[in-house]
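See structure below.
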Amino acid sequence: MLRNILITGGAGFIGSNFVQYFFEKYANYYAVVLDKLTYAGSLDNLKKCESLPNYTFAQGDICNASLVSEIFEKYDISDVIHFAAESHVDNSIANPLSFVETNVLGTATLLEVFRKKYPQSTTNRFHHISSDEVYGTLGKVGYFTEETAYAPNSPYSASKAGSDMLVRSYFHTYNLNVVTSNCSNNYGPKQHSEKLIPTIIRYALAEEPIPIYGDGKNIRDWLYVMDHCRAVDLIFHEGRSGETYNIGCRNERSNLQIAYKICELLDARHQRKSWNYSKLITFVPDRPGHDRRYAIDATKLRTELHWKAEESFDTGIAKTVEWYLERISKKN
Ligand SMILES: NC(=O)c1ccc[n+]([C@@H]2O[C@H](COP(=O)([O-])OP(=O)(O)OC[C@H]3O[C@@H](n4cnc5c(N)ncnc54)[C@H](O)[C@@H]3O)[C@@H](O)[C@H]2O)c1
């Protein structure tokens, strides 16, 4: 049976990788991508999907209830996978209200349209994509589990936490068929240039100082974007309604380790006798409220749904650097 899925934020980094993966894999699903095309979204990210017979794009805002309702009716939407968000922590410090609007109000708008269309359905699903940042920060030891109390520290993570709570409430209040996944930091092709890994590559190739916040020892648990997409596929199909699933693969790296690794890969590509890219690494004043360490315990996803990351950090980061180098060489 053909199902028409609304994918929000499909022109962004993770959403566009997901749309290509999912709709190439499943011919019985039709994708309607709804994206506002903010500075973070680009139709270039969806170029390869244009030739897919089961794909269509609509430009618009998830906060616009009448537009979302119109799309539900026009395409007879059966399910929602909700990626759209304002996603950059630094921007949330400068402009928190746009994060509240898109991440909280936008999620509420989608949930309301979905609830009105499928008040009692157990077969129509709303999958909400969220972040491990909702749990706050860890010390040197320990992991975030699905039972860890929420303690968001930035306006970004607070707005994601708010959206997670709304999704939770729609399960408990309306018994809606919802599921939430909380993922660690993603990396891979098509990530916006503002994020850490593209920033390091961009500054290195421009031979400019590579900015690293504070002492560079903030740790994130890095996941290759396609491993995230495979996890979303599993959770969307097999995750239990009303549950949350953490996604991560125990790839803890400090920002400084990431910078050194990328410099090493670039050195291997552009061999020079006199200097290495790592000499460009420069410490800059820390981000306010910068969480020290994130680390995910994904036991539930592994044991219940048998998910396993396919990419190691070494293979994933090599593919990522290669993708940026190819892209830059095509532009020149
Ligand atoms: N990138 C990560 O490391 C990471 C980790 C965990 C969770 N997440 C979550 O995954 C999702 C996708 O993240 P990403 O990194 O791909 O983000 P991104 O910033 O690359 O893409 C976000 C997309 O949403 C669109 N968008 C923004 N506001 C919109 C609105 N009001 N209406 C419609 N579309 C709108 C943008 O145009 C863009 O295409 C987000 O919900 C984010 O919180 C990201």
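Just so it is clear, none of the values below were taken in a lab; they were calculated from the coordinates. Note that the structure is a prediction, hence the values are computed from the model and not measured. Glycine gets a Cβ as well: all are built from the backbone with ideal geometry, and neighbour counts include every protein chain shown.
Along the charge dipole of region 209-332, Cβ charges K/R +1 and D/E -1, which of His270, Trp222, Thr244 sits furthest on the positive end?
After comparing all options, I get His270.
Taking the Cβ-Cβ separation of Lys47 and Gln257 as r and a Förster radius of 25 Å, what is the calculated FRET efficiency to the nearest 0.05?
Working: r = 33 Å, r/R0 = 1.32.
Using R0 = 25 Å, I get an efficiency of 0.15.
For region 44-125, state which GluC sites (Glu not before Pro) are in a DSSP loop and have at most 16 other beta carbons lying within 10 Å of their beta carbon. List each step's numbers first, then the result.
Working: sites: Glu50, Glu70, Glu73, Glu86, Glu101, Glu112; in loops: Glu50, Glu86.
Sites meeting the loop and neighbour criteria: Glu50.
Taking the Cα centre of the chain as the origin, how large is its charge dipole in debye, to the nearest 20, when only Lys and Arg (+1) and Asp and Glu (-1) carry charge on their Cβ atoms? Can you show the working numbers first?
Details: 37 positive and 39 negative charges, 113 e Å.
Taking the Cα centre of the chain as origin, the dipole is about 540 debye.
Identify, among Thr123, Ala85, Tyr143, the residue whose Cα sits farthest towards the positive end of the charge dipole of region 30-149, taking +1 on the Cβ of Lys and Arg and -1 on the Cβ of Asp and Glu, with the dipole about the Cα centre.
Farthest towards the positive pole: Thr123.
Just to confirm my numbers, what's the Cα centroid distance between region 178-244 and region 296-332 in Å?
9
Suppose R0 equals 56 Å; then what is the FRET efficiency for Asn95 and Thr123 from their Cβ-Cβ distance, rounded to the nearest 0.05? Don't skip to the answer; put the middle values down first.
Working: r = 39 Å, r/R0 = 0.70.
FRET efficiency, Asn95 to Thr123: 0.90.
From the helices alone, meaning DSSP H stretches of at least four residues, give me the mean residue ellipticity at 222 nm for the chain, per-run term -39500 (n - 2.57), in deg cm²/dmol to the nearest 500. Each step should come with its number before you reach the end.
Working: 11 runs with 131 residues, N = 332.
It comes out at -12000 deg cm²/dmol, rounded to the nearest 500.
Which length gain, in nm to one decimal place, applies between Arg250 and Phe283 when the Cα-Cα distance is subtracted from 0.36 nm times their residue separation? Display every interim value, and only then the final one.
Numbers: separation 33, 0.36 × 33 = 11.88 nm, distance 2.59 nm.
That pair, Arg250 and Phe283, stretches by 9.3 nm at full extension.
Below 15 Å, Cα to Cα, which aspartates and glutamates can Lys331 reach? Residues fewer than 8 away in the same chain don't count.
Qualifying aspartates and glutamates at Cα under 15 Å: Asp44, Glu322.
If I take every Cα pair under 8 Å that is 6 or more residues apart in region 171-311, average their sequence separation and divide by the length, what percent do I get for the relative contact order?
Working: 213 pairs, mean separation 50.0, N = 141.
Computed over region 171-311, the figure is 35 percent.
Describe numerically, in nm with one decimal, the distance between label points set 7 Å from Cα along Cα→Cβ at Arg302 and at Lys330.
Those two pseudo-labels are separated by 3.6 nm.
Using packing as a proxy for protection, rank 239-246, 174-181, 270-277, 203-210 so that the peptide with the highest average count of other Cβ atoms within 10 Å comes first. Mind showing how you got there, number by number?
Working: 239-246: 18.2, 174-181: 21.2, 270-277: 10.4, 203-210: 15.8.
With the highest mean Cβ count within 10 Å placed first, the list reads 174-181, 239-246, 203-210, 270-277.
Output the pairs from Lys190/Lys308; Lys25/Lys330; Lys160/Lys330; Lys140/Lys279 with a Cα-Cα distance over 32 Å in this structure; if there are none, say none.
In this structure, Lys160/Lys330 lie more than 32 Å apart at Cα.
Which order, highest average first, do 15-22, 140-147, 261-268 follow once you tally other Cβ atoms within 10 Å for each residue and take the mean per peptide?
15-22, 261-268, 140-147
In region 292-311, whose amide N lies under 11 Å from the spot 7 Å out along Cα-to-Cβ of Thr145? List them in ranges.
Label zone hits: 297-300.
Can you list the HN-Hα couplings for region 196-201, worked out from phi with the Karplus curve (6.51, -1.76, 1.60; θ = phi - 60°), rounded to whole Hz and with x for Gly and Pro?
Taking θ as phi minus 60°, the curve returns 3, 5, x, 5, 4, 5 Hz for region 196-201.
Can you give the three extents of the C-alpha atoms in the chain along their principal axes, from longest to shortest, in whole Å?
So the three principal-axis extents are 66, 44, 39 Å.
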